[in-house]
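Q: Take this structure, written in structure tokens, and hold onto it; I'll ask about it next.
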Amino acid sequence: MTSVHELIRTAAQQEASRNNTVSRKPIALRATGVSSCDSGLVRDPWAIDRAPGYGPGASLDDTVPGSAPRQGPLPERYTSASDDELRQWIVAAKEQLGDRVQILGHFYQRDEIIEHADFVGDSFMLAQAAKDHPEAEAFVFCGVHFMAETADILSGPEQAVILPNLAAGCSMADMATIDQVEDCWRDLMAALDEPSREDGLQPVIPVTYMNSSAAIKAFCGRNGGIVCTSSNARTVLEWAFERGQRVVFFPDQHLGRNTAKDMGIAEELMPLWRPHLALGGNTAQQLRDARVILWNGFCSVHKRFTVAQIEKARADYPGVRVIVHPECPAAVVEAADGAGSTEYIRKQIEAAAPGDVIAVGTEINLVNRLQQQHPELTVFCLDPVVCPCSTMYRIHPAYLAWTLEGLLAGEQPNRVSVSDEVSRDSRVALERMLAARP
């Protein structure tokens, strides 16, 4: 199976050979007719982990907070190892560790990581896996920082959660800080200063997407709120409206908007909260009239998908079925034939009939893997540019080998620990989420 990394690396080598130089321009993947968003993607993560930003392929507009963790240098043994050596070390360490250690792999991970995972899924499924395996001493979470935090909150106090590369963050999660959220809440409470209602509904209920920090999940737990995933967002909003007149939704505006529109809420009742403006850039009346107040955050990968891409797919493949992730802009979701979580997308493809053509709007590693797993179908990514989630991409086999061998030596490298206070309040919001089944 040809991995996304191999496609990018081959194209970059061809481009460098033609130009006899290192190019930072997008490079054509001539075998597939697509291009990569940045030739720097071929660089090993340890070469960029300590540099500013989220790395090659990320939006230049996404700014990493100064408090974001950084990954220290890897020992030369791992950075100089071949792909085969790394695979052998990982397999050998896994065999010795046995059931004491479980590897959790997110759908968007490289194939070279997924092949070693004990559980593969989206952030919700992997957090549930951590909760459901009290026998494990440690979980190696091959995902990003907020996912590891969530696994630490839901797992037992004696269980360690390890993130192989601390530089694997999430630009969407970083678009809402706890200070900004608390400022927003204070201003909302002042703007929504209304008399108590006979029906007991609160002025506003905070809802945060799973893609957020533990501190924001804890904020929701303390203030009568809840966490949601892309698979249960509608159920969660229904839960919130049973308790409050309005919802403030962090941090992904697109998931919030798409879910609310699907529930029949008019877009004019969904003002956007921009944290650097007074009242988020709204009037007090707009906030009082609102049903869902959307935080100005987004996923840089899913924001790339466009209606024009869908129109081209339909022109090139009459009868194509288009399915997208609900983190895509509303116009894209409305133009598609279906929208849902990564697990929804996977199940839709598994249920397709041989010969079906499916265009998918989500991260390229997952789409590429689904294409390889279902040769009886034509499965392709809507975006003709190979651009993996740049932070998820930082989980390289060298980091996994280093982590597993460290655990074998009795160490706990890169352990992600959430404080007891934050864990307690976060768990309240997460347990509400786990109970909100569609």
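Q: Any idea how far the Cα center of region 357-421 sits from the one of region 40-57, in Å?
A: That distance is 16 Å.
Q: Shifting gears a bit: Under a point-charge model restricted to the Cβ atoms of Lys and Arg (+1) and Asp and Glu (-1), what is the dipole moment magnitude of region 49-177 relative to its Cα centre, in debye to the nearest 20?
A: About 280 debye.
Q: Just how far, in whole angstrom, is region 137-195 from region 281-334 if you go by their alpha carbon centroids?
A: Each part's Cα centre sits 24 Å from the other's.
Q: Right, here's the next one. Taking the Cα centre of the chain as the origin and placing charges on Cβ (Lys, Arg +1; Asp, Glu -1), which of GLN109, SER423, GLY355 is farthest toward the positive end of the dipole?
A: Sorting the options by dipole projection puts first GLY355.
Q: What number comes out for the charge environment of LEU294, summing +1 per Lys or Arg and -1 per Asp or Glu over other residues with Cβ under 9 Å away?
A: Taking every Cβ under 9 Å from that of LEU294, the sum is 0.
Q: With a cut-off of at most 11 other beta carbons within 10 Å, and DSSP calling the residue loop, which trypsin sites (Lys or Arg not before Pro) in region 131-227 qualify? Please list them.
A: Details: sites: LYS131, ARG186, ARG197, LYS217, ARG222; in loops: ARG197.
Here the sparse-neighbourhood loop sites are ARG197.
Q: Separate question: Which one is right for this structure if Kirkwood radius over Cα pairs in Å is calculated from it: (1) 22.6; (2) 21.9; (3) 23.3?
A: The listed entry that was calculated here is (1).
Q: Next question. Only Lys, Arg, Asp and Glu count, each charged at its Cβ (+1, +1, -1, -1), so figure out the dipole size of the chain about its Cα centre, rounded to 20 debye.
A: Computed about the Cα centre, the dipole is about 760 debye.
Q: Can you tell me, using C-alpha contacts under 8 Å and at least 6 residues apart, the relative contact order of the chain as a whole percent?
A: Details: 845 pairs, mean separation 91.9, N = 438.
Across the chain, relative contact order equals 21 percent.
Q: Based on DSSP H runs of at least 4 residues, each adding -39500 (n - 2.57), what is the mean residue ellipticity at 222 nm of the chain after dividing by all its residues, to the nearest 500 deg cm²/dmol? Spell out each step's value before the answer.
A: Details: 18 runs with 173 residues, N = 438.
Here the helix-only value at 222 nm equals -11500 deg cm²/dmol.
Q: May I pose another question? Between VAL247 and residues 5 or more places away or on another chain, which pairs have amide H atoms under 5 Å apart, with H built 1.01 Å from N, and which residues are they?
A: Placed amide hydrogens put ILE205, VAL292, ILE293 under 5 Å from VAL247.
Q: Let me ask something else about it. Towards the positive end of the charge dipole of region 218-296, with charges on Cβ (+1 Lys, Arg; -1 Asp, Glu), say which of HIS254, ALA240, GLY225 has the farthest Cα.
A: GLY225
Q: Show me the GluC sites (Glu not before Pro) within region 190-265 that DSSP assigns to loop and that have at most 12 other Cβ atoms within 10 Å of their Cβ.
A: In loop regions of region 190-265 (DSSP not H, G, I, E or B), the sparsely surrounded GluC sites (Glu not before Pro) are GLU198, GLU242.
Q: Classify region 307-396 from the C-alpha gyration tensor, please: rounded if a/c falls under 1.5, else prolate or oblate depending on whether a/b exceeds b/c.
A: Verdict is oblate for region 307-396.
Q: OK, next. Report the GluC sites (Glu not before Pro) located in region 140-197 that are in a DSSP loop and have at most 11 other Cβ atoms inside 10 Å of their Cβ, or state none.
A: Filter output for region 140-197: GLU158.
Every number in this text was worked out from the coordinates using simple rules, so none of it is lab data. The model shown is predicted, which means the values in this text are computed figures rather than measured ones. So basically every Cβ, Gly included, is an ideal-geometry build from the backbone, and we count neighbours across all protein chains shown.
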